[in-house]
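A.B. asks: Before anything else, here's the structure in question.
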Amino acid sequence: MFIDKAKIYVKAGDGGNGCVAFHREKFVPMGGPSGGDGGKGGDVIIVADSHLQTLMDFKYKRHYKAERGQHGQGGNKKGKDGEDLIIKVPVGTVIKDAETGEILADLVEEGQSFVVAKGGRGGRGN
């Protein structure tokens, strides 16, 4: 079976929450703020791959979501950034916005990529 048209849903990862924490240590009165920032959410990236010939994979799996960023921690520890989600498509794939019909990208070369959804910013710690 050859499929030349597919509709998929993508969501970038949310940013992690910042942490509200205060430095507490023996003999250090009023230690001050020490909350870390949250990590950045992962992007959804579509990459052209010459080894693929059809969009058959997208018939069975239509929803794609990137990893969210981890939360910040006390001690000024920044949360880990979320992993980017890479979706491979055949060379010659045209990416359109389903709502507007606008052409977002035309992947005509091997390895050409397009960021469909950008990950969220991490929250601020104190």
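A.B. asks: So which of K88, K59, K80 is at pLDDT below 95 and either within 21 Å of A6 (Cβ to Cβ) or not in a strand (DSSP E or B) (or both)? Steps first, answer last, please.
C.D. replies: On the way: K88 fails: at pLDDT below 95; K80 fails: at pLDDT below 95.
None of the other options fit; the residue is K59.
A.B. asks: Any residue at all in segment 87-109 that is within 30 Å of V20 (Cα to Cα) and surrounded by 14 or more Cβ atoms within 10 Å (Cβ to Cβ)?
C.D. replies: No, every residue in segment 87-109 fails to be within 30 Å of V20 (Cα to Cα) and surrounded by 14 or more Cβ atoms within 10 Å (Cβ to Cβ).
A.B. asks: Can you find a residue in segment 22-30 that is in contact with a Phe, Trp or Tyr (Cβ under 7 Å, 6 or more places away or on another chain), surrounded by 13 or more Cβ atoms within 10 Å (Cβ to Cβ) and either in contact (Cβ under 8 Å) with a residue 24 or more places away in the chain or over 30 Å from V91 (Cα atoms) (or both)?
C.D. replies: There is no residue in segment 22-30 that is in contact with a Phe, Trp or Tyr (Cβ under 7 Å, 6 or more places away or on another chain), surrounded by 13 or more Cβ atoms within 10 Å (Cβ to Cβ) and either in contact (Cβ under 8 Å) with a residue 24 or more places away in the chain or over 30 Å from V91 (Cα atoms) (or both).
One line per residue, one yes/no per condition, for (1) among the aromatic types (F, W, Y); (2) modelled with pLDDT under 95; (3) surrounded by 19 or more Cβ atoms within 10 Å (Cβ to Cβ):
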{"residue": "K11", "(1), (2), (3)": "no, no, no"}
{"residue": "V20", "(1), (2), (3)": "no, yes, no"}
{"residue": "G38", "(1), (2), (3)": "no, no, yes"}
{"residue": "G41", "(1), (2), (3)": "no, no, yes"}
{"residue": "A66", "(1), (2), (3)": "no, no, yes"}
{"residue": "D84", "(1), (2), (3)": "no, no, no"}
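A.B. asks: OK, next. Between a residue in segment 78-92 that is closer than 14 Å to D57 by Cα and any residue that is of a type in the set (A, V, I, L, M, F, W, C) and outside any strand (DSSP E or B), which pairs come within a Cβ distance under 8 Å, given they are 6 or more apart or on different chains?
C.D. replies: Final answer for the pair search is I87/I8; K88/L52; V89/L52; V89/L55; P90/L52; P90/L55.
A.B. asks: To continue, here is another question. Any residue in segment 45-66 that is of a type in the set (A, V, I, L, M, F, W, C) and free of Cβ contacts under 8 Å to residues at least 12 places away in the same chain?
C.D. replies: no
A.B. asks: Let me ask another. For segment 91-125, what are the residues that are under 30 Å from Q73 (Cα atoms) and assigned to a loop (DSSP other than H, G, I, E, B)?
C.D. replies: K118, G119, G120, R121, G122, G123, R124, G125
A.B. asks: Something else about it: Need the failing condition index for Q73 against (1) in contact (Cβ under 8 Å) with a residue 40 or more places away in the chain; (2) within 30 Å of A6 (Cα to Cα); (3) surrounded by fewer than 20 Cβ atoms within 10 Å (Cβ to Cβ); (4) not charged (D, E, K, R), just the number.
C.D. replies: (2) is the only condition that Q73 fails.
A.B. asks: As an exercise: evaluate G75 against (1) under 18 Å from the mean Cα position of the chain (by Cα); (2) at positive phi and give the number of the one condition it does not meet.
C.D. replies: If we test G75 against (1) under 18 Å from the mean Cα position of the chain (by Cα); (2) at positive phi, just (1) comes out false.
A.B. asks: Could you run through segment 93-109 and say how many residues are touching a residue at least 12 places away in the same chain (Cβ under 8 Å) and in contact with a strand residue (DSSP E or B) (Cβ under 6 Å, 6 or more places away or on another chain)?
C.D. replies: Of all residues in segment 93-109, those touching a residue at least 12 places away in the same chain (Cβ under 8 Å) come to 93-95, 98, 104-109.
Of the ones still in play, those that are also in contact with a strand residue (DSSP E or B) (Cβ under 6 Å, 6 or more places away or on another chain) are 93-95, 104-107.
Residues flagged as touching a residue at least 12 places away in the same chain (Cβ under 8 Å) and in contact with a strand residue (DSSP E or B) (Cβ under 6 Å, 6 or more places away or on another chain) within segment 93-109 amount to 7.
The values are calculated or read from the model by the stated rules, or taken from the named source; none is laboratory data. Everything quoted here is computed from the prediction, not taken from an experiment. Cβ sites come from the backbone with ideal geometry, for glycine too, and all protein chains shown count toward neighbours.
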